[in-house]
1. Run the dipole for the stretch 232-376 about the Cα centre, Lys and Arg Cβ at +1, Asp and Glu Cβ at -1, nothing else charged, and hand back the magnitude in debye, nearest 20.
2. Nearest 20 debye, what's the magnitude of the dipole of the stretch 1-148 about its Cα centre given +1 on Lys and Arg Cβ and -1 on Asp and Glu Cβ?
3. Give me the extension gain from Gln258 to Ile5: residue separation times 0.36 nm, minus the current Cα-Cα distance, reported in nm with one decimal.
4. Which cross-chain or sequence-distant (5 or more) residues have an amide H under 5 Å from the amide H of Ser316, H modelled 1.01 Å from N in plane?
5. Note down the Stokes-Einstein diffusion coefficient of the stretch 87-244 in µm²/s, whole number, using a Kirkwood radius over alpha carbon pairs, 10 °C, and 1.306 mPa s.
6. Ranking request for peptides 231-238, 263-270: highest mean number of other beta-carbon atoms within 10 Å first, then the rest in descending order.
7. Calculate the length of the line joining the C-alpha centroid of the stretch 1-50 to that of the stretch 91-112, in whole Å.
8. How many Lys pairs in the stretch 219-354 lie less than 13 angstrom apart by Cα atoms, where the lysines are 8 or more positions apart or on different chains?
Amino acid sequence: MTFDIACMKGVDTPFYYYDMELLRSTLAEINDCIAGTPVHVHYAIKANGNPGILKAVHEAGLGADCVSGGEISAALEAGFPATSVFYAGVGKTDEEIKLGIEAGIGCFNVESVEELEVISSIGAEMGKKVPVALRVNPNIDAHTHEYITTGLEENKFGIDLRRLDDAVDKAVKSPNIDLVGLHFHIGSQITINEPFAILCARINDLTAHFREKGIEFKILNVGGGLGIDYNDPEANPIPDFKGYFNTLLSGLKLTEGQEIHCELGRAVVAQCGSLISKVLYVKEGVGRKFLILDAGMNDLLRPALYGAHHKIEVVSPEDAGSMDVYDVVGPVCESSDVFGKDEKIPTVRRGDMIALRSAGAYGESMASEYNMRKLPGCLFVG
Ligand code: LLP
């Protein structure tokens, strides 16, 4: 990627660099793919809730997928219409539920019969009928990292298939619940379409089962999970949305008026963001060189938490002339504060600028002040 180095002058490192042109092209590609189809995309705010990002996503006309009262408020502040805001999460508090009902959000994705009962009674207190989709745990292996797979029986997410009939029955009978749909999410960073195709087949079985009982769902929400290319962001800056949406459109058997909803996070914002950091020291170790950055795991947690790898590039100087091999690490007092081992990159010196690529999703949003460090800043370019 060509970074606009002039724009970076005077900006304190580390900071997130957002290529807004790439974000807008990504959003345009999504809109091209879904034009004229019954697909609705809600952006998963947890991937990146930076107001500048939310503004661009809202301008492109996507809805919002939220997992906390804070995210609901951020979505509304950014201008997302309340009806396009969906709210998921296994542990919604009474206050968050009230906030969502008060605002008139489009759907609560409900994760248990216990939660359904609480929403129903809060709805009754407020004199409201609450739109609800039941989140089903479809027991599908998404073949992704164990921390980001969610659709297996052993996960805490969703209603077990064996309890679903009972949950649907309760929802249908509750005067304060408007059962509008079924909701699924099988995991994140899924780079093949097969798990989504399997999910579609599972959904068809379920909708057929409930149709026999006279129950139709307006909304089939397949969740998020479409992955991106962390190894080669240059070659694949925009994910294969066509392949993904075609899998959904050809896989789901829809009835008249039925809508497909999905909640993409990473696929929308990951590639437009890079974490820019300065080289503090090049330290000679025993048999290896450590490249010590001023960005650490508190700025970008994914490598330490999931063993994820973000491509490491030298931003400036652009041409060092020679290559070297480094262990690239942060300054935080944890052995897991490592961005890459044996990284072959152009030779660097103190003060040079480094980019950790594909960091637009789950980068800034997972940053913390651990070690009493400052939160990373941000720069929007383009
Ligand atoms: N819908 C639900 C119900 C979810 O739980 C998630 C993500 C999404 C949508 C959006 O998924 P995406 O399209 O971004 O894959 N921090 C981890 C990822 C955690 C994902 C949690 N749920 C990471 O950095 O890889």
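1. With only Lys, Arg, Asp and Glu charged at Cβ, the dipole is about 240 debye.
2. Numbers: 9 positive and 21 negative charges, 62 e Å.
That gives the stretch 1-148 a dipole magnitude of about 300 debye.
3. 86.3 nm
4. Amide H neighbours of Ser316: Met353.
5. Once the numbers are plugged in, D ends up at 96 µm²/s.
6. Highest mean packing first, the order is 263-270, 231-238.
7. If we compute the Cα centre of each part, the gap is 28 Å.
8. Number of lysine pairs found: 4.
Any read-out appearing in this document is the output of simple, stated calculations on the displayed coordinates, not a laboratory observation. The model shown is predicted, which means the values in this text are computed figures rather than measured ones. With ideal geometry, Cβ positions are generated from the backbone for all residues, glycine too; neighbour counts draw on all protein chains shown.
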